[in-house]
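One structure is given here, and the rest of the page talks about it.
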Amino acid sequence: MRLGLLTGGGDCPGLNAAIRAVVCRAAERKITICGILEGWKGLLTSSFRPLAIDSISGILPLGGTILGTSRTNPLKSSAMRRKVIRNFKKTSLDGILAIGGEGTMRIAYSFQKAGVPIIGIPKTIDNDLWGTDVTIGFNTAVQIVTDAIDRLRTTAESHHRVMIVEVMGRHTGWIAVSSGIAGGAEAILIPESPFPLSRLIDLLQKRKERGKNFSIVVVSEDARLVIGKKGKIQTPVKHDEYGDIKLGGIGQLIARELRKKSSFEVRVTELGHLQRGGTPTAFDRILATRLGVEAVDLAAKKKFGRMVGLQGNKIISTPLTQIVPRLKKVDRSLYRLSETFFG
C-alpha cells in the first residue's frame, strides 16, 4: 500500500508528532508514505517527498510541519479538482491521510465522493471539528493563552487597567472559554453568547467597588458585543487572498466602546499567531500520536471516508459525512461554569 500524507490549513503544534506517528506505524505495516508538500497545493503542483523512518528523526517536539502547509482550496474550480484527481492517480497512491481542520475536512469529503480514498486526522487550535472531543493543537494553544493571561494580570494590577486579551478561535469560543477559566478571567466573550456592553461595564464597575482596580477580559476573535438597541458589533468581515474570512480586531472595538461609556483605562493584547507556534504540550504529542496510528490502521483495513477522533479516552472514527456539515460549538454548560467567576 502507498499512502499520501498532507497537512492543510493553518499550522499548529503537534503536526510533526502526527507525521511521525503515521510514518512509524506505516513502516511497521510495510506501507509506503509519500509526503505531499504544502497541503492540497502539493497535489496541484505534484510536489512530493518520500517519508521514511530516517526523515522523521527528532521531529516529535517540533512545532509547525516538515511538510509545509497552505490554505490552497482545489475546489475553487473544476480544472483544479480534475488536476488533483489526475495527479493522485499518476502518483499511484492508494489513499490520502489529510491532517487538517474544518476546511481540510470539507475538501477531503468532496474528493472522497469523487473517488479519492481519504482519511482525516483532526488538527486545529480552534477545536471546532465535530467527531472529536479535542483536536491536535488546541491544548497547546490554551496553555499559551493561559500563560499570557498570567503575565498580563501582573501588569494590569500594577497599572490598574482593564486588559482585553483577544484570542483566535474562528467562529467558536473554545480557546477563549478554556483559557479564560484557567487564567481566572473576569469576563469571557465568545461567538456563541453575544455579550451586552452594559453587563460588561457593570461587572467591571462592581469589581472596582470591591477594591479590585484591574480586570482581565478574554475575547474570542468572532465574539459579539451587544450595545443597547443598536444591535451587535463584531470584527468587520474581511477576506484573505484565498477568499477565506479573516477575523481580528474585535478587542480594539470593545476597548473603544468601554472608553466611550466608562472611565476605565483599557489596553488590548492580540495574541495572534503566537497561539499557533512553538513546541506542543505532552497532551498534544500523545493525542497526535494516537490519531496518526489509528489513521494508518484504518487505511490498512481500507476504511476510508472517515475521520479519526478522541471521544472520552478512546480513539474512534466518524464518517466524513457527519463531520463536514456542522461546527462543534462551545458547550453551554462550560460557558455557564465560566460565568460563575465573572466580576
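Some observations on this one:
- Theoretical ellipticity at 222 nm over the chain - DSSP helices of four or more residues, -39500 (n - 2.57) apiece, nearest 500: -12000 deg cm²/dmol
- Kyte-Doolittle mean at least -1.0, axial Cα span of 15 Å or more - DSSP H helices of the chain: 15-28, 102-113, 138-159, 197-209, 250-261, 282-300
- Oblate is the label for segment 1-87, because a/c, from the alpha-carbon gyration tensor with a ≥ b ≥ c as root eigenvalues, is 1.5 or above and a/b does not exceed b/c.
- Straight-line cross-link partners of Lys83 among the aspartates and glutamates, defined as a Cα under 20 Å from its Cα and at least 8 positions apart when in the same chain: Glu38, Asp94.
- Rounded if a/c under 1.5, otherwise prolate or oblate - segment 189-343, Cα gyration tensor axes: prolate
- In segment 140-277, inverting the average of 1/r over every pair of distinct C-alpha atoms gives 15.0 Å as the Kirkwood radius.
- Tail fraction, Cα-Cα pairs, segment 90-147, threshold 14 Å, whole percent: 58 percent
- Among Val142, Val324, Val226, sorting on how many other beta-carbon atoms sit within 10 Å of each Cβ, with the fewest leading, yields Val226, Val324, Val142.
- Most simply put, segment 140-277 has about 25% antiparallel DSSP beta bridges, counting only bridges with both residues inside it.
- Computed extension length for Thr45-Arg82: 12.1 nm, one decimal, from 0.36 nm per residue of separation with the Cα-Cα distance subtracted.
- Spin-label zone in segment 171-192 - amide nitrogen under 16 Å from a point set 7 Å from the Cα of Val226 along the C-beta vector: 188-192
- Gain on full extension, evaluated as 0.36 nm per residue between Ser263 and Lys89 minus their Cα-Cα distance, stands at 56.2 nm.
- Charged-residue dipole, Cβ positions (Lys, Arg, Asp, Glu), the chain about Cα centre, Debye nearest 20: 980 debye
- Taking segment 2-124 and dividing mean pair separation by its residue count, relative contact order in percent (alpha carbons under 8 Å, at least six apart): 34 percent
- Theoretical FRET efficiency, 1/(1+(r/R0)^6), r = Cβ-Cβ of Lys206 and Lys246, R0 30 Å, to 0.05: 0.25
- For the chain, the relative contact order works out to 23 percent when only alpha carbon pairs closer than 8 Å and six or more residues apart are counted.
- FRET E, pair Leu337, Asp297, Förster distance 41 Å, beta-carbon r, rounded to 0.05: 0.70
- By other beta-carbon atoms within 10 Å, ranking Glu28, Glu257 with the fewest at the front produces Glu28, Glu257.
- Separation of the Arg326 and Ser57 label points, Cα + 7 Å toward Cβ, nm: 4.7 nm
- Computing FRET efficiency as 1/(1 + (r/R0)^6) for Arg29 and Lys113, where r is the C-beta to C-beta distance and R0 is 35 Å, gives about 0.85.
- By average C-beta atoms within 10 angstrom, highest first, the peptides 304-311, 59-66, 73-80: 304-311, 59-66, 73-80
Every read-out reported here was derived from the displayed coordinates using simple, explicitly stated rules and does not represent laboratory data. Computed from a prediction, not measured in an experiment: that's the story for all the values here. Cβ atoms come from the backbone with ideal geometry, glycine included; neighbour counts cover every protein chain shown.
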